[in-house]
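Right, one structure below, let's go through it.
Rule-based calculations on the coordinates, nothing more; no lab input. Since we're looking at a predicted model, the values are computed, not measured. Please note: Cβ atoms are built from the backbone with ideal geometry, for glycine as well, and neighbour counts cover all protein chains shown.
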Amino acid sequence: MISKEIVIAGAGPAGLAAAIEAAKAGAKEVLVVDLNLKPGGQLFKQIHKFFGSSAHRSGTRGIDIGNQLLTEAKEYGVEIWVNSAAVGLFHDRIISIEKGLDSGEKELVNIQAQKIILATGASENVVRFKGWTLPGIMGAGAAQTMINVNRVKPGNKVVMLGSGNVGLIVSYQLMQAGCDVVALIEAAPKIGGYGVHAAKIRRAGVPIYTSHTIIEAKGTERVSEVVIAELDRSWNPIPGTEKVLEADVVTLAAGLKPISDLVRLHDLKCVYNAAFGGWVPKHDRNMESTQPGIYVVGDTTGVEEANTALEEGRLAGVAAAERLGYLTQTDASALKDDIWERLDGLRMGPFGEKRMVAKNQILAAFPECAK
Amino acid sequence: MCMRITEHVILGQEETAKLVEITVDGKPLMAKEGEPILAALLAENMIINRYTVKRKEARGLFCGIGQCTDCAMIVNGKPNVRTCITPVEQGMVIKTQYGVGEGDGEDD
């Protein structure tokens, strides 16, 4: 077994930001592990400009934020293991890593950590309809990875299911990649995401079917036809309203849920929160979970977006560094206050407010925060 | 049919990569070194990676980030390799996986 000061699971915005803050404060052995081949999480497929205030790099593309984080991580001596999954979490802060070796083999490494930060992100929800397992039907994020990271089209004619920001942005990016987006289908009576994204889709002439869903996907070994139908107020398909769309790709953008495998492995106490995508670990204002020394940040603690993930990562990085004696209480408090101010700023407005309420519910569920 | 995106309005021109030869179900294919195997196949519009154990249904790309295992194939004789997170190397021998991949890609 080897030992490290801080081990972070997940090299997305939350994990990298946590590592950078801790290392900046003076922590010496900061290790980030990630199961992907490259660090950066989902930032490198976000080729659009982010929203928010200038303090949050609005107008900056996710891909550029990713590169900036990697540069800073390197500058502060953060160690990153890619192709390495965290597969176990035990008492006394022992974390097991299936480390990817250059030979292509894997080696199990147990690490005794003084602090552990879980930044494992979220996974896409699926929608099950008849034929949903046909090749060509995939998560919207999967299609986004293919077009923006690997630069291959998953097909030519796409039906997008779901009009939240992911559905809207990926639809637009599929068009930028040269795909034909045949239709955008939304079960709710209204578009879910920002109007500015929806306007782009509309201007491009993509038909948007609200109060509609996919009834069936047809095809032999690949989707070729998608049957949609209108929904009544109780979300039931109205007979006779079926339409058949020709498509070789269906992308599912039905929200995300926190990845909580490690959280459950070590019995971090959770609370259910619908607005945040499901079961999320309880935590305090330092992002520390109910297991002392184990912190939870980013989408693992409730699905939001990259900037909040980044700020939560920073919080945990500062808090962990403080506990390790690298920051005085006064210095740490000042840093944490600034971060909370920015987080509050990110959780404002018609979309952000729901997340503010949800985050306060999580904090209130933590025994010490309720006092 | 080539599905590669050579020109992109935001990302610009595709970077040139070293091409290597791999074998897919006995046929040679040129792929970019280091790209996920799945991407190399998708570039040729090949979307089926495996067939399920019981119903022998086709499966392909679903999550694209190594979580769902729908893109598993037999790579250099090893079954259940997630092709969406496994980089292409010169000379790789890739086979469509039937069931759990017993019998090295031949019918189970």
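Figures for the structure shown
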read-out: Within 10 Å of each Cβ in A:135-141, the average number of Cβ atoms from other chains; value: 6
read-out: Cα-centred dipole magnitude for segment A:126-252, charges only on beta-carbon of K, R (+1) and D, E (-1), debye, nearest 20; value: 360
read-out: Residue exposure sequence - A:Lys354, A:Lys4 - by fewest surrounding Cβ within 10 Å; value: A:Lys354, A:Lys4
read-out: Neighbour-count order for A:Glu311, B:Glu7, B:Glu57, fewest beta carbons within 10 angstrom listed first; value: B:Glu7, B:Glu57, A:Glu311
read-out: Separation between Cα centres of segment B:4-31 and segment A:76-120, rounded to whole Å; value: 32
read-out: Pairwise Lys count, chain B - Cα closer than 16 Å, eight or more residues apart or different chains; value: 4
read-out: Shape call, segment A:211-276: gyration tensor on alpha carbons, a/c limit 1.5; value: oblate
read-out: Positive-end residue of A:Gln144, A:Gly77, A:Phe44, charge dipole of segment A:3-144 with Cβ unit charges; value: A:Gln144
read-out: Spatial extent of segment A:1-144: Rg and Dmax, with the Cα atoms as the point set, Å; value: 17.1, 55
read-out: Segment B:7-98 - percent relative contact order, Cα under 8 Å, separation 6 or more; value: 32
read-out: Cβ-based exposure ranking for A:Asp92, A:Asp267, in which fewest neighbours within 10 Å come first; value: A:Asp92, A:Asp267
read-out: Helix-only CD estimate at 222 nm, as mean residue ellipticity for chain A, using -39500 (n - 2.57) per DSSP H run (n ≥ 4); value: -9500 deg cm²/dmol
read-out: Estimated [θ] at 222 nm from DSSP helical runs (n ≥ 4, -39500 (n - 2.57)) normalised by residues in chain B, nearest 500; value: -1500 deg cm²/dmol
read-out: Rounded if a/c under 1.5, otherwise prolate or oblate - segment A:126-252, Cα gyration tensor axes; value: oblate
read-out: Magnitude of the charge dipole, chain B, Cβ model with Lys/Arg +1 and Asp/Glu -1, debye to 20; value: 300
read-out: For A:Asn110, distant residues with modelled amide H under 5 Å away; value: A:Ile2, A:Ile97
read-out: Bridge type composition, segment A:1-136 - antiparallel percent by DSSP, nearest 5; value: 50
read-out: Sequence ranges A:37-49, A:274-286, A:296-308, A:334-346, ranked by mean other-Cβ count within 10 angstrom, highest first; value: A:296-308, A:37-49, A:274-286, A:334-346
read-out: Shape call, the protein assembly as shown: gyration tensor on alpha carbons, a/c limit 1.5; value: oblate
read-out: Counted charge near B:Glu7, where neighbours are those whose Cβ lies closer than 11 Å (Asp, Glu -1; Lys, Arg +1); value: +1
read-out: Chain A: antiparallel DSSP beta bridges as a percent of all, rounded to 5; value: 50
